[in-house]
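Colleague: Can you keep this structure in mind? I'll have questions shortly.
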Amino acid sequence: MEGIKSTNPVAVGDHVQFEVETKGDETIGIINKIEPRDNYIIRKSVNLSKQTHIIAANVDIAFLLITLNNPPTFTTFIDRFLVTAEAYHIKAVLLFNKVDTYNDDELLEIKYLAALYREIGYECIGISAETGKNVEKVKALMEEKVCMFSGHSGVGKSTLVNAIEPSLNLKTSEISEQHKQGQHTTTFAEMFDLSFDAKIIDTPGIKGFGVVEIEKEELGNYFPEFFELKEHCKFNNCLHVEEPQCVIKDALEHDELAWSRYKSYLQILEGEEEHFRKDMYGKE
Ligand SMILES: Nc1nc2c(ncn2[C@@H]2O[C@H](COP(=O)(O)OP(=O)(O)O)[C@@H](O)[C@H]2O)c(=O)[nH]1
Ligand SMILES: [Mg+2]
Ligand SMILES: [Zn+2]
């Protein structure tokens, strides 16, 4: 990997070339080439600060499960997830789960949020992992893809995965049990083949998907609706904060952009790095 010092040369999701060798009655595969990765998700190694750990590679689609309450998912968390997905070049889809539990006001709030994110270009689906509502739509998006499911603890990831593939039931609970008991904080990911030509990468303990270092000047590029406008800012390196003749701030004033998105942008820009890390890589 160019420019990346990784503690693990091969990650879940890697495409490799290998040879098979037989010694006595033992057969082993020897990897001699890792194909270039479309993308990869990293975390900082706990001990070696300069090193990174590749959690997974070649992820096609990352779903974020969102609930309004029980537990609450704040827009800042959603936006950080989306920024990370953009930076990693992974397609992100928002799943508003537990729609069976919401009252009319809450359903309106979901509609508002879904409209906000659809406008930017993100696919949004209201689902119920419990009743099965729109689970078929999720499955349709997963076909032929390597998928990840993220979201706070309790949003319904396991329930959804079980609804998608009931035979995984035992496995997922076993994995999380193992992790609760494990002494090591090391996270390892596993890939599961589903019956309908899709794969799930399970990354226990990761609410979002890893961390990504973003330069201040780059950050606006990962808010697609800002990126679209920014060429019209007076300064081509405009950070959309104090600069005069900033198209992003004009658009906000005219309610053409969402303030919640700008708030998230400022938070990340102002470098609540620690907070960011805890958010995106908190232990469940
Ligand atoms: N009513 C309702 N409850 C749900 C839904 N999805 C998950 N739950 C419940 O939410 C709780 C947490 O779900 P779980 O799948 O363990 O969440 P995880 O921590 O993200 O894996 C469980 O009690 C589930 O039964 C849903 O769509 N509707
Ligand atoms: Mg779970
Ligand atoms: Zn600007």
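The values are calculated or read from the model by the stated rules, or taken from the named source; none is laboratory data. This is a predicted model, so every value here is computed, not measured. Using ideal geometry, Cβ is built from the backbone for each residue, glycine included, and neighbour counts are taken over all protein chains shown.
Colleague: Across region 12-28, what is the number of residues that are touching a residue at least 40 places away in the same chain (Cβ under 8 Å) and in a strand (DSSP E or B)?
Modeller: Pass one, region 12-28, residues touching a residue at least 40 places away in the same chain (Cβ under 8 Å): 12-15.
Of the ones still in play, those that are also in a strand (DSSP E or B) are 12.
Going through region 12-28 one residue at a time, the tally reaches 1.
Colleague: I would also like to ask the following. Sort out which residues of region 92-136 are assigned to a helix (DSSP H, G or I) and within 14 Å of ligand 1 (Cβ to nearest atom), and write them in order of number. Please lay out each step first, then the result.
Modeller: At the first step, the residues of region 92-136 found to be assigned to a helix (DSSP H, G or I) are 99-101, 104-120, 135-136.
Those that are assigned to a helix (DSSP H, G or I) and within 14 Å of ligand 1 (Cβ to nearest atom): 99, 100, 101, 106, 107, 110, 135.
Colleague: Still on this model: Only one residue in 62, 56 is at pLDDT 90 or above, within 23 Å of the chain's Cα centre (by Cα) and within 26 Å of residue 144 (Cα to Cα), so which one is that?
Modeller: Details: 56 fails: at pLDDT 90 or above.
Selected residue: 62, the only one of 62, 56 that is at pLDDT 90 or above, within 23 Å of the chain's Cα centre (by Cα) and within 26 Å of residue 144 (Cα to Cα).
Colleague: Exactly one condition in (1) in contact (Cβ under 8 Å) with a residue 40 or more places away in the chain; (2) assigned by TED's automatic domain parsing to the domain that holds residue 117; (3) surrounded by fewer than 22 Cβ atoms within 10 Å (Cβ to Cβ) is not met by residue 100; state its number.
Modeller: All conditions pass for residue 100, except number (1).
Colleague: Also, quick follow-up: Evaluate the following for residue 82: is it within 19 Å of the chain's Cα centre (by Cα), aliphatic (A, V, I, L, M) and in a loop (DSSP other than H, G, I, E, B)? So that I can check it myself, show each step before the final result.
Modeller: Working: within 19 Å of the chain's Cα centre (by Cα): yes; aliphatic (A, V, I, L, M): yes; in a loop (DSSP other than H, G, I, E, B): no.
When the stated conditions are applied, residue 82 does not pass them.
Colleague: Read through the list (1) under 22 Å from residue 39 (Cα atoms); (2) surrounded by fewer than 19 Cβ atoms within 10 Å (Cβ to Cβ), then give the number of the only condition that residue 131 fails.
Modeller: With respect to (1) under 22 Å from residue 39 (Cα atoms); (2) surrounded by fewer than 19 Cβ atoms within 10 Å (Cβ to Cβ), residue 131 is out only on (1).
Colleague: Counting just the residues of region 61-76 that are of a type outside the set (Val, Ile, Thr) and surrounded by fewer than 22 Cβ atoms within 10 Å (Cβ to Cβ), which one comes out farthest from ligand 1 (Cβ to nearest atom)?
Modeller: We begin by selecting, within region 61-76, every residue of a type outside the set (Val, Ile, Thr); these are 62-65, 68-72, 74.
Narrowing the set further to residues that are surrounded by fewer than 22 Cβ atoms within 10 Å (Cβ to Cβ) leaves 68-72, 74.
Numbers: 68: 12, 69: 12, 70: 8, 71: 9, 72: 14, 74: 16 Å.
In this case the residue turns out to be 74.
Colleague: Given the criteria more than 16 Å from ligand 1 (Cβ to nearest atom) and within 18 Å of the chain's Cα centre (by Cα), does residue 151 qualify?
Modeller: Numbers: more than 16 Å from ligand 1 (Cβ to nearest atom): no; within 18 Å of the chain's Cα centre (by Cα): yes.
Criteria not met by residue 151.
Colleague: Condition (residue is surrounded by 13 or more Cβ atoms within 10 Å (Cβ to Cβ), at pLDDT 90 or above, within 16 Å of ligand 2 (Cβ to nearest atom) and under 25 Å from residue 79 (Cα atoms)) applied to region 160-177: is it met by at least one residue?
Modeller: Scanning region 160-177, I find at least one residue that is surrounded by 13 or more Cβ atoms within 10 Å (Cβ to Cβ), at pLDDT 90 or above, within 16 Å of ligand 2 (Cβ to nearest atom) and under 25 Å from residue 79 (Cα atoms), so the answer is yes.
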